[in-house]
Amino acid sequence: MKILKNRIFLSCLCIAVAAAISFGLLPRFYENKSATVMVLRAAEDIPAGTELRDKHLAAVEVGGYGLPEGVINDKALIFGKVAQTDIVKGDYLFSKKLGGFLVNEQLDRIANNNQRLVTISVPSIAAGLSSHLQSGDMVTVAVFMERASDGQ
């Protein structure tokens, strides 16, 4: 019992326990957390509506522990997709940030046919459904032009 009251023995015992924890247990605890994964990030700021290409992407090796779920790391899943939101340089790429169309399939089809779609908001449904216009009303105009048989 007298040995347990000795300060030198207790300090050596504490140092031995601390060394065992530091050099034995902690490395085993963090073994799996040191694994790295190749992830694709944005190499530059990408505005919404931009079709993603190789120049927009940067492959980076990051630690796998704490990586957000759903990060895309396959270039084949990204090429040809359109950014649905603004993506900042260094941002991870998720499927929610990417899509196949700028807005939706119908509006993209209009844009691909060299047609233009412009919308102007009406302040209320009653103003949009009224049969007469007053000063200050907002108007939506749709113009569809078909090409003549001679291509003009």
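Every test in (1) β-branched (Val, Ile, Thr); (2) at pLDDT 85 or above; (3) more than 22 Å from residue 77 (Cα to Cα) is passed by residue 3 save one, and that test is (2). A residue that is surrounded by 12 or more Cβ atoms within 10 Å (Cβ to Cβ) and part of a strand (DSSP E or B) occurs somewhere in segment 44-56.
Give the residue, chosen from 76, 59, that is exposed (fewer than 13 other Cβ atoms within 10 Å of the Cβ) and not in a strand (DSSP E or B). Even if it seems obvious, please write down each step before you answer.
Numbers: 59 fails: not in a strand (DSSP E or B).
Being exposed (fewer than 13 other Cβ atoms within 10 Å of the Cβ) and not in a strand (DSSP E or B) holds for just one of 76, 59, which is 76.
For segment 17-30, the criterion of being assigned to a loop (DSSP other than H, G, I, E, B), surrounded by 11 or more Cβ atoms within 10 Å (Cβ to Cβ) and over 12 Å from the mean Cα position of the chain (by Cα) is met by no residue.
The values are calculated or read from the model by the stated rules, or taken from the named source; none is laboratory data. Every value quoted in this text rests on a predicted model; they were computed, and no experiment measured them. No Cβ is skipped: glycine too gets one built from the backbone with ideal geometry, and neighbour counts run over all protein chains shown.
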